[in-house]
Amino acid sequence: MRPSLKLVGEVRDLQIVDQQNQNCGICDDAEFEGGPGAALTVRALLVGPGAIQPRLPRWLAKIIRRFWGVGLTRIPWKDVESITSRIVLKATADHYHLHDIDRRLSRYLAKIPALS
């Protein structure tokens, strides 16, 4: 897979699944490396509220920070198995700690009668 700048538009907002076909979240951004005159390569996919906040209006980023924090997970590009209509990872969601927020919130969501 040869990455390009068009890649950001193609992977942003795609569903991410792990090797066990479990949903892991949405790709919020991509991180590149390289400088002027050097090759530009993809370093990682970024997932979590910390990845999306820089693109949001300040007032909305503040709300996101308040309720979801600034957590950010970097998934190394080498750990991407394939990209089609979704991004498939080579390892499990637990390997990347992608379900940590879900686990923390589940304690509170279980207390809401309509959701339990």
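Between T92 and E10, what length comes free when the chain is fully extended (0.36 nm per residue of separation minus the Cα-Cα distance, one decimal in nm)?
Full extension of this stretch gives 27.3 nm more.
Kindly list the residues of the range 9-43 that lie in the label zone of V70, defined by a backbone N under 19 Å from the point 7 Å along the Cα-to-C-beta vector.
Flagged as within label range: 28-31.
Could you work out the relative contact order of the range 1-85? I mean the mean sequence separation of Cα pairs under 8 Å and 6+ apart, divided by the number of residues, in percent.
Taking the mean separation of contacting Cα pairs over the length of the range 1-85, I get 23 percent.
What order do you get for 12-19, 63-70 when each peptide is scored by the mean count of other beta carbon atoms within 10 Å, highest first?
12-19, 63-70
Order of T84, T41, T73 from fewest to most other C-beta atoms within 10 Å?
T84, T41, T73
For the pair E33/K111, report the inter-label distance in nm, with labels modelled 7 Å from Cα in the Cβ direction.
4.3 nm
Divide, for the range 1-98, the radius of gyration over alpha carbons by 2.2 N^0.38 Å, where N is the residue count.
After normalising by residue count via 2.2 N^0.38 Å, the value is 1.11.
FYI, it's all coordinate maths here, none of it is from the lab. The structure displayed is predicted, hence computed values, not measured ones. Heads up, the Cβs are rebuilt from the backbone with ideal geometry, glycines too, and the neighbour counts pull from every protein chain shown.
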